[in-house]
Amino acid sequence: MRKSVGKKLIVLFAALSVLVAFACISVSKFVISDKKELTGVYTDFVLSHDGEGQTAVVKSDGNGNGYSGYIVVSVNNFTAEKVSKRDVRFSLRAPTDDELKKTYVTDAWGVQHSLTTDSQYYEVSVVDENDEELTDTSVATLLKSGERNSSSLLLKIKRKAEAAEEMASEGTEKLSIVLQTSEPYIDLQVFTINTTMARLSVGVSSDVYNGFTREIVNLKSASEFIRGTDTHVAGKSYLAEVEFTLSGEVVFDAAKYKETYGDTPEFSSAENKYIIIIRAGADVNLYFYTRGSCSVTVSATIEDGKTAAGGERVSGVGDNKVVFERS
């Protein structure tokens, strides 16, 4: 009888090994008890982030060395429902050449995640405040289990100097970023950010908050509003006035904006419009709550003595200037 049980265990382990080999699933997902019983308990981990929809405003590195910009991405070992039961080691990177040829990457469960064509032009690295790249063993890329942990990382976005196509001065490109884990096992997610050389840009991500769909608009400005050979115009503030016009069932959380940034947005009730004033180098989030059909549009002016009222190009929106809309 014992010999029969032993043979069954050997067969069971052999089957499990084949499953692992073909499915790329870690044995650590299964728990063998001290009775050598396969209990099938999954020792899971959780990883979330706020990277989706962010915008990197890039500028020339000079001497034909390409363009670069930065975003800050927070990576967490928790969601609203649960906290990771495992330590998580992760990295952030651009897709490899082989992945770009396939146009997708595959996670541990066999799910394919598509990649943007523009990703071929970019390199991505996690850097410190001195612009030095972090190592794979940095404490910043390790989230300990058992409690809510978060790591805010400075992500350097570099457009390659040898890129086959020039970047449009006012356009937007889409870059896929791979968030990959190496511990407790290899898995990945993909999120998409925008890149632009425009002086102003918006990116949008969504979630659900207290039963409302929440649209989070990330508004960024270039590190400098004076470009290239342009000279400073005396008496001009070089502030950007950004107007968001609301239509339909949508409200803007002006109180949260004031609480976070210390400024009270100007509001025009006649036009249902909010006006945000920002400087060069700004990076702010605006929170809108929707429940039905609605839209939000944007227009902007930079007081530089050259830009017509409402004439500043805002990257991330089309000619209709729609930031987001719901029907």
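The values are calculated or read from the model by the stated rules, or taken from the named source; none is laboratory data. What you see is a predicted model; the values in this text were computed from it and never measured. Don't worry about glycine lacking a Cβ; one is built from the backbone with ideal geometry, like all the others, and counts go over all protein chains shown. In case anyone asks, the SASA skips ligands and DNA or RNA and just uses the protein heavy atoms, side chains included. Shrake-Rupley method; radii C 1.70, N 1.55, O 1.52, S 1.80 Å.
Laid out as a table, the results:
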quantity	calculated
Options F244, A168, L153, ranked by Cα towards positive dipole end of the chain, top entry (Cβ charges)	L153
Residue-averaged 222 nm ellipticity for the chain, from DSSP H runs of 4+ at -39500 (n - 2.57), nearest 500	-3500 deg cm²/dmol
Cα gyration tensor shape of segment 178-247, rounded if a/c is under 1.5, else prolate or oblate by comparing a/b with b/c	oblate
Calculated FRET value between K101 and T135, using beta carbons and R₀ = 25 Å, to 0.05	0.30
Mean Cβ neighbour count within 10 Å, used as a protection proxy, ranking 214-222, 111-119 highest first	214-222, 111-119
Gaussian network model of the chain, Cα within-10 Å springs - most flexible of T181, T195, T231	T231
Calculated Rg and Dmax of segment 48-197 using C-alpha coordinates, Å	15.7, 49
Heavy-atom SASA rank of Y185, Y209 (probe 1.4 Å, accessible area, largest first)	Y209, Y185
Apportionment of accessible area to carbon and sulfur, the chain, percent (1.4 Å)	50 percent
Global form of segment 58-125, assessed from the alpha-carbon gyration tensor, a/c cut-off 1.5	oblate
Tensor-based shape of segment 170-323 (alpha-carbon gyration tensor, a/c under 1.5 rounded, otherwise prolate or oblate)	oblate
Between segment 290-327 and segment 153-175, the Cα center-to-center distance that results, in Å	22 Å
Surface per residue (accessible, 1.4 Å probe) for the chain, Å²	55 Å²
Most mobile listed residue (G305, G53, G203) in the chain, GNM with C-alpha springs under 10 Å	G305
Two-decimal log10 I(q)/I(0) for the chain, as the Debye equation yields it once each C-alpha is a single scatterer, q = 0.10, 0.14 Å⁻¹	-0.70, -1.20
Exposure ranking of R93, R326 by accessible area [1.4 Å probe, largest first]	R326, R93
